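Undergrad: Below is a structure I'd like to ask you about.
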Amino acid sequence: MTAEDLKSLVQEIVTQSRNLRDKHTSETNAPVNYAAVFAQTQDEYTTLVDAARHFGSVIKETPTGPLFQIDPLRTVAGDLRLLKIRAPDPTRTERGDADFTVSNYQLFKSVNLQRPGFKLIERGSMEMIELVDSSFDVRAYFSNPPLDKQLALI
């Protein structure tokens, strides 16, 4: 996979995640903050990481794969600057995910958390709401604080 192929794949993941977000929420203007590609095999993982190195640099190594700060990539939900390549994981059979920044996280949480497809994930000093719909090959997330703020990139 070339860097251009990866960029196209990421743009498609963001588009599908936006469609998922728009189907289930009223946050149609929430910009993308972060996206991930879920590798399906170890060979694909290696290829995706190699391709990502052509337009970004690793800013954080995580147990599930590297996080890259990339040259701004134009997407249907705004410019993307953070990209994760996720190692193969049998619980992540989708193609990827996008994380969107909502203007009022607490209101978003109170309105959506009890609805089907939404799940709260708490991780120490941050939390996120996951949105899954089996008719989509992606997931959508809404983090508080957003990843760019967690990493002090803004």
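The values are calculated or read from the model by the stated rules, or taken from the named source; none is laboratory data. These numbers come from a predicted model, not from an experiment. Cβ sites come from the backbone with ideal geometry, for glycine too, and all protein chains shown count toward neighbours.
Undergrad: Just one of (1) surrounded by 18 or more Cβ atoms within 10 Å (Cβ to Cβ); (2) closer than 19 Å to VAL14 by Cβ trips up ASN112, so point out which.
TA: Single failed check for ASN112: (2).
Undergrad: Taking only pairs six or more apart or across chains, which ones have beta-carbon atoms under 7 Å, a first residue in region 49-60 that is within 12 Å of LEU6 (Cα to Cα), and a second residue that is aliphatic (A, V, I, L, M) and surrounded by fewer than 18 Cβ atoms within 10 Å (Cβ to Cβ)?
TA: ALA51/MET1; ALA51/ALA3; HIS54/ALA3; PHE55/ALA3
Undergrad: If you scan region 125-154, which residues turn out to be modelled with pLDDT of 95 or more, assigned to a loop (DSSP other than H, G, I, E, B), in contact with a helix residue (DSSP H, G or I) (Cβ under 7 Å, 6 or more places away or on another chain) and among the hydrophobic types (A, V, I, L, M, F, W, C)?
TA: If the condition is that a residue be modelled with pLDDT of 95 or more, assigned to a loop (DSSP other than H, G, I, E, B), in contact with a helix residue (DSSP H, G or I) (Cβ under 7 Å, 6 or more places away or on another chain) and among the hydrophobic types (A, V, I, L, M, F, W, C), then PHE136 is the only one that fits.
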